[in-house]
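A quick write-up on the structure given underneath.
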Amino acid sequence: MSTKINQAFILAAGRGTRMLDLTNDKPKPLVTVANKCLIDYNVEHIKKADINDCIVNLCYKGDMIREHLQKQFPDMNFIFSEEEEALETGGGIKHALPKMKREAFFVINSDALWIDLPNKNLLKDMMNAWDSERYDMMLMLQPLNKAYGVSGKGDYDIVNDRPVRRTDANITVPYLYGGVLICHPRVFDNEPEGKYWLIGIFDRLQKENRLGFYVNDGEWFHVGDPKAREIAEEKISIL
């Protein structure tokens, strides 16, 4: 089933303390990789997927993000959701829902950076895989062997065509959650206001068999600290 998705949410409220002095004078989404701000990569992917409505949550130095996006992408319809304190991934989305249409939307971490393969478009491919009758949320899963800027043992395995989160610290699983998902607003109908993360919702939907997945076949970068930024910059500069 193919569904046109018309809105995307960029998580941009956090300071990004692991970026150290790179975020002293700017928010993490405005840190550059290969002379381009992290959030610009996100918006360009959204535009290429023919999505015009872009919701962005703001907290730390949020005015800088607002001014940058409005100047850089004057043709986009930005909807800004301001937070007095960063509400994290789950709380930030819940807080913004009154500003959004009650239909499925993308959620993209501002530090998730990926390069589409030739003739491929991750967001459009995820739209084509999305089935609102089967799923309430669908995660982009990234193979560990095509992920940069991360270390560890992965987040998910795929068992019987379902994503299963790793709970055993001693095992390694082949995929990590790549910071891109599709979500229907009904996921949050019984969730509280306030500060919380999405991981609890992932686990609930996994148990309910309402969590889908899409495996990305391109290269992906988690730009979470200065070293990861160097890795991404070196790789992208030669593409």
Say whether the condition of being surrounded by fewer than 21 Cβ atoms within 10 Å (Cβ to Cβ) and under 14 Å from the mean Cα position of the chain (by Cα) is met by at least one residue in the stretch 20-30.
no
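The rows are residues; the columns are (1) surrounded by fewer than 22 Cβ atoms within 10 Å (Cβ to Cβ); (2) of a type outside the set (A, V, I, L, M).
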residue: GLU44; (1), (2): yes, yes
residue: ASN52; (1), (2): yes, yes
residue: PHE73; (1), (2): yes, yes
residue: PHE78; (1), (2): yes, yes
residue: GLU84; (1), (2): yes, yes
residue: LEU87; (1), (2): no, no
residue: LYS99; (1), (2): yes, yes
residue: PHE105; (1), (2): no, yes
residue: SER110; (1), (2): no, yes
Close pairs (8 angstrom Cβ cut-off, 6 or more residues apart or separate chains): on the phi > 0 side of the Ramachandran plot in the stretch 159-185, modelled with pLDDT under 95 anywhere
GLY179/ASP111; GLY179/ALA112; GLY179/HIS222
Looking at (1) touching a residue at least 60 places away in the same chain (Cβ under 8 Å); (2) not in a loop (DSSP other than H, G, I, E, B), which is the one condition that is false for TYR135?
(2)
Lone unmet requirement of (1) surrounded by fewer than 23 Cβ atoms within 10 Å (Cβ to Cβ); (2) under 27 Å from TYR135 (Cα atoms); (3) at pLDDT 95 or above for ALA12:
(1)
Exactly one of (1) part of a helix (DSSP H, G or I); (2) within 18 Å of the chain's Cα centre (by Cα) is unmet by ASN145. Its number?
(2)
Could you list, in sequence order, the residues of the stretch 200-224 that are surrounded by 13 or more Cβ atoms within 10 Å (Cβ to Cβ) and free of Cβ contacts under 8 Å to residues at least 12 places away in the same chain?
ARG204
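The values are calculated or read from the model by the stated rules, or taken from the named source; none is laboratory data. If you're wondering where the values come from, they're calculated on a predicted model, not measured in any experiment. Please note: Cβ atoms are built from the backbone with ideal geometry, for glycine as well, and neighbour counts cover all protein chains shown.
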